[in-house]
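The values are calculated or read from the model by the stated rules, or taken from the named source; none is laboratory data. Here the structure is a predicted model, which is why all the values come from computation and not from measurement. Here the Cβ positions follow ideal geometry from the backbone for every residue, glycine too, while neighbour counts run over all protein chains shown. Only protein heavy atoms, including side chains, enter the accessible area calculation; ligands, DNA and RNA are left aside. Shrake-Rupley method; radii C 1.70, N 1.55, O 1.52, S 1.80 Å.
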Amino acid sequence: MDPNNSYLPQGLKPDESTPQWLSKGDNAWELTAAAMVGLQSVPGLVILYGSMVKKKWAVNSAFMALYAFAAVLICWVLWAHRMAFGTHLISIIGKPEQAMTQDFLLTKHSKYYIPTADYVFYQFAFAAITVILLAGSLLGRMNFYAWMLFVPLWITFSYTVGAYSIWGSGFLEPIIDFSGGYVIHLSSGVAGFTAAYWVGPRHSQDRQHFPPNNIIHMLGGAGFLWMGWTGFNGGSPLASDLITSLAILNTHLCTATSLLVWLSMDMIFYNKSSVIGAVQGMITGLVCITPGAGIVESWAAILMGISSGSIPWFTMMVLHKKSAFFQKVDDTLGVFHTHAVAGLLGGILSGFFAKPKLLRMFYGSDKYGPGFLYSIIDGDIKRGVRQMIYQILGAAFITIWNVVATSLICIFISRIVELRLHEDDLEIGDDAVHGEEAYALWGDGERDPPRFNRTPKIPSFCRRQYGTTQ
């Protein structure tokens, strides 16, 4: 073999910045996929949240997402990445260490042909979108100071535990979770619902009437979310291979099916083709396929889309309205239904439909699966039952941990600052919280003249703390 690689084109020859182990194709794809996941949050969820809420909460909702994205990155490289994927500490968490040295970032990541820096950035984008999804349950009333504390605490004590337990070297490693049905979506849905309980409800008028302020922009944010999922699920193999291609196709098949099923349910039972409902169906399809995108066949992805367009629709549109338990908690955007229910559904169905050959191609071993369906076909039903038990136990652990950890975090923060805004601020919205408004136009029904002609308003948090009556 030619040690100088003279047979290679000049652009493919290894050098100091392109070591022998590096695949330029895999590296380019992984960076692209990570950027696409980042774009789901900024600007995707920034736009979606800012337009899906009442006009007076547009700035606050969008800013909660933007702040979280920045805060998570700092936490991630300083300690959280290696708590989720680093050296074993205990069965649910790794050692908190920084992830910023060249000796760490520029080395080969595990068995893959990419630098570890790619993986750090990709997993950061996952962590960031998880806490931003959680925020959807809290829009329209959470004290921004409390949110600033909540984000780093939740990433540290809740998200990293789920990530390490399933994706790291934790005790739930046998669980099939291709791209975060449990780690990301079940956890965000359960934690969001739990946090919504502790924060309390929106203003009574907002809870009764909370129309989106811009449906066209909402669709734009939803579009970033849908297309960005190409990188969300397509980046999980950490290579541009056959599993990547299948995962991307299955992602869009399930999503389109789910959207159409949800839309059909709305038309059948409410005689209206709701745009907001279509977006909800899109999201549940994206969530449901996530734990199995690259390890189920395409016909199974369509069946998963049918399930994700109907079961979360039932829990949101029927069960939620009839249940006193659900009515007690003000989950602003229904994150419990779109993420917790759909994520749990996807995890169970992945354990059912997972194909042994695809599992072997993705994980590189035979210790996962087979899916329950294929265990029946192959006459090895014990292994299929075992995998389904793993899926159920994993869901139970993620649920319990997020309820407990999120509750403790909210209780701790409430001892420092109030979780919910004061009633006066809830009536006003963005201008009271940030001194800014989403639409800088006067004369469209607002009571007050432009903000620069008024005495600056001191937030109620400061009024109470310093005793001022302004």
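Tell me which of these Tyr197 doesn't satisfy, since it passes every other one: (1) over 29 Å from Lys328 (Cα atoms); (2) modelled with pLDDT of 95 or more.
Single failed check for Tyr197: (1).
Looking at Gly351 and the list (1) of a type in the set (Gly, Ala, Ser); (2) crowded, with 19+ Cβ neighbours inside 10 Å; (3) in contact (Cβ under 8 Å) with a residue 40 or more places away in the chain; (4) more than 20 Å from Gly181 (Cα to Cα), which single condition is not satisfied?
Here Gly351 meets the rest and fails (4).
Pull up the range 95-136, narrow it to residues that are small (Gly, Ala, Ser) and in a helix (DSSP H, G or I), then point me to the one that is nearest to Ala70 (Cα to Cα).
Per the stated criteria, the residue is Ala128.
Looking at Thr244, is it in a helix (DSSP H, G or I), within 14 Å of Gly305 (Cα to Cα) and touching a Pro at 6+ places or on another chain (Cβ under 7 Å)? Spell out the reasoning first.
Numbers: in a helix (DSSP H, G or I): yes; within 14 Å of Gly305 (Cα to Cα): no; touching a Pro at 6+ places or on another chain (Cβ under 7 Å): yes.
Taking the combined requirement at face value, the residue does not satisfy it.
Give just the number: which of (1) open to solvent by less than 60 Å² (accessible area, probe 1.4 Å); (2) part of a helix (DSSP H, G or I) does Ile377 not satisfy?
(1)
Can you tell me which residues in the range 324-338 are open to solvent by 10 Å² or more (accessible area, probe 1.4 Å) and part of a helix (DSSP H, G or I)?
Once the filter is applied, which keeps residues that are open to solvent by 10 Å² or more (accessible area, probe 1.4 Å) and part of a helix (DSSP H, G or I), the range 324-338 yields Ala324, Phe325, Phe326, Gln327, Lys328, Phe336.
Assuming Ser273 fulfils every condition listed in (1) closer than 30 Å to Pro174 by Cβ; (2) not in a helix (DSSP H, G or I) apart from one, which condition is it?
Of the numbered conditions (1) closer than 30 Å to Pro174 by Cβ; (2) not in a helix (DSSP H, G or I), the odd one out for Ser273 is (1).
Return a yes/no flag: does the range 118-133 have any residue that is touching a helix residue (DSSP H, G or I) at 6+ places or on another chain (Cβ under 6 Å) and farther than 22 Å from Leu39 by Cβ.
There is no residue in the range 118-133 that is touching a helix residue (DSSP H, G or I) at 6+ places or on another chain (Cβ under 6 Å) and farther than 22 Å from Leu39 by Cβ.
Just one of (1) at pLDDT 95 or above; (2) under 30 Å from Thr406 (Cβ atoms) trips up His252, so point out which.
Only one criterion is unmet by His252, namely (2).
Could you figure out which of (1) assigned to a helix (DSSP H, G or I); (2) open to solvent by less than 30 Å² (accessible area, probe 1.4 Å) isn't true of Pro237?
Condition (1) is where Pro237 drops out.
Search the range 240-257 for residues being among the polar types (S, T, N, Q), touching a residue at least 40 places away in the same chain (Cβ under 8 Å) and out of contact with any Leu (no Cβ under 8 Å at 6 or more places or on another chain), and hand back the single one that is surrounded by the most Cβ atoms within 10 Å (Cβ to Cβ).
Residue satisfying both the conditions and the ranking: Asn250.
Can you pull out every residue in the range 13-52 that is buried (at least 20 other Cβ atoms within 10 Å of the Cβ), aromatic (Phe, Trp, Tyr) and over 28 Å from Leu139 (Cα atoms)?
Trp29
Hey, among Ser110, Ser187, which residue is at pLDDT 95 or above, out of contact with any His (no Cβ under 8 Å at 6 or more places or on another chain) and either open to solvent by less than 10 Å² (accessible area, probe 1.4 Å) or not aliphatic (A, V, I, L, M) (or both)?
Among Ser110, Ser187, only Ser187 is at pLDDT 95 or above, out of contact with any His (no Cβ under 8 Å at 6 or more places or on another chain) and either open to solvent by less than 10 Å² (accessible area, probe 1.4 Å) or not aliphatic (A, V, I, L, M) (or both).
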